[in-house]
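**Q** Please see the structure below; I have some questions.
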Amino acid sequence: MQEAMFWHPKDKDNLVHCELCPKYCTIAPGKTGFCRVRKNEGGRLYTINFNRVAAHAMDPIEKKPLYHYYPGKYILSLGTTGCNLRCGFCQNWSIAHDDPQTIEVTPEHVVKVAANQDPYPNVGIAYTYSEPFMWYEFVFHTARLARDAGLKNVLVTNGYINEEPLKALLPYIDAMNIDVKAFTDDFYKENCRGHLEPVKRTVELAYKRCHVELTTLLVPGLNDSEEEIKNLVDWVAGLDREIPLHFTRYFPNFEFELDPTPPETLKRARDIALEKLDYVYIGNLGDPKAMNTYCPQCGKLIVNRTWYNGRVVGLSEDNKCKNCGRKIYIIRN
């Protein structure tokens, strides 16, 4: 175990108060918080998953999904156990909410592996699969070592984090995909056991400091109304119309048995979003047009994607559309 960051002792009974995320768990001796990975031992808070990896792979970066960050490259992807939300539709519940087998690694070993990937064109490390903020101490230490080694750090996160720990970690983070699971607090309370506002705050802080893309899984009848989608889009556009937004198709998983999202719902959401945003995508559908990147000005193809494989075809060396000269927001060097 590793002593945790962002907590303080309570006045009596060896209780501790965790301040990492908006749940603000008060934890009794021998118990863990909601996330299951931050434990009170003798009146001190420890993280019990510090060097435990539950899943790892060399993934295309488009799988995160990140479509405007080093398209066509790969990234070493790691995940651990635990989560501070409990979404009924969780796609990675077997590691987030169950007790999977793990292997022991050190931050130094992870950085060494990431720096020596051949033949993969690897750009760095993605902390993903489960919630990386519940792996905070490991991510914080590893990300600093990775930065020193010239590697990029990517978070794939639910964004449910307090402001102080977020600001402490952001200087070492290069890109984030943040799940905005819905745009109503009722959805978060009823289906995720959380709240919307902390996630909005994370996005609003992060997009000014690193590359940010957003993902919303559209669950039929729960967060897919045109009114809610318009409200989400208005908020994103109010930040920056160039923030890429991914609408993802829901399939039954974990505790949800609803039918999959109808393709027409996803396409309508994308049409609505494209009225105010430059880059909008559909995931889990297999529609090439909804996965490719097109120039917002002339409509010419910029990045061609086949599922998770991206190939830049219409971009000049200075990231301008080869057809019309429009500057395209893509990071690739």
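The values are calculated or read from the model by the stated rules, or taken from the named source; none is laboratory data. Just so we're clear, the structure is a prediction, and the values are computed from it rather than from any experiment. Glycine gets a Cβ as well: all are built from the backbone with ideal geometry, and neighbour counts include every protein chain shown.
**Q** So is Lys327 among the charged types (D, E, K, R) and touching a Leu at 6+ places or on another chain (Cβ under 8 Å) or not?
**A** no
**Q** Which pairs have Cβ atoms under 6 Å, sit 6 or more apart or on different chains, and link a residue in the stretch 202-231 that is under 11 Å from Lys181 (Cβ atoms) and in the same structural domain as Thr261 (by TED's automatic domain parsing) to one that is of a type outside the set (Phe, Trp, Tyr) and part of a strand (DSSP E or B)?
**A** Hits for this filter: Leu214/Ile178; Leu214/Leu245; Thr215/Asn177; Thr215/Asp179; Thr215/His246; Thr215/Thr248; Leu217/Thr248.
**Q** Could you list all residues from the stretch 293-307 that are in contact (Cβ under 8 Å) with a residue 12 or more places away in the chain and under 17 Å from Tyr279 (Cβ atoms)?
**A** Hits for the stretch 293-307 are Thr293, Cys295, Pro296, Gln297, Cys298, Lys300, Leu301, Ile302, Val303, Asn304, Arg305.
**Q** What are the pairs with Cβ atoms under 8 angstrom where one residue, in the stretch 141-155, is at pLDDT 95 or above and the other, located anywhere, is acidic (Asp, Glu)? Sequence gap at least six, or different chains.
**A** Listed pairs, sorted by first residue: Leu145/Glu108; Lys152/Asp174; Asn153/Asp174; Val154/Asp174.
**Q** Suppose the filter is in contact with a strand residue (DSSP E or B) (Cβ under 6 Å, 6 or more places away or on another chain), crowded, with 18+ Cβ neighbours inside 10 Å, within 19 Å of Met176 (Cα to Cα) and modelled with pLDDT under 95; does Asn92 pass it?
**A** Judged against the criteria, Asn92 is not a match.
**Q** Still on this structure, please answer the following. Considering only residues of the stretch 1-22 that are out of contact with any helix residue (DSSP H, G or I) (no Cβ under 9 Å at 6 or more places or on another chain) and surrounded by 19 or more Cβ atoms within 10 Å (Cβ to Cβ), which is nearest to Tyr160 (Cα to Cα)?
**A** Start the filter on the stretch 1-22 by keeping residues that are out of contact with any helix residue (DSSP H, G or I) (no Cβ under 9 Å at 6 or more places or on another chain), which leaves 1, 7-18.
If we keep only those that are surrounded by 19 or more Cβ atoms within 10 Å (Cβ to Cβ) too, we end up with 7, 16, 18.
On the way: Trp7: 16, Val16: 20, Cys18: 14 Å.
Looking at the filtered set, the residue picked out is Cys18.
**Q** Just give me the residues in the stretch 289-319 being of a type in the set (D, E, K, R) and in contact with an Asp or Glu (Cβ under 7 Å, 6 or more places away or on another chain), in sequence order.
**A** Matches in the stretch 289-319: Arg305 only.
**Q** Would you confirm whether or not the stretch 106-122 contains a residue that is of a type in the set (S, T, N, Q), under 19 Å from the mean Cα position of the chain (by Cα), buried (at least 19 other Cβ atoms within 10 Å of the Cβ) and closer than 29 Å to Pro22 by Cα?
**A** no
**Q** Please note which strands (runs of 3 or more DSSP E) are completely contained in the stretch 1-92 and include at least 1 residues that are over 24 Å from the mean Cα position of the chain (by Cα).
**A** 7-9, 16-18, 38-41, 44-47
**Q** I'd like to verify a number: residues in the stretch 273-313 that are more than 26 Å from Met58 (Cβ to Cβ), in contact with a Phe, Trp or Tyr (Cβ under 9 Å, 6 or more places away or on another chain) and surrounded by fewer than 20 Cβ atoms within 10 Å (Cβ to Cβ), how many?
**A** Final tally of qualifying residues: 4.
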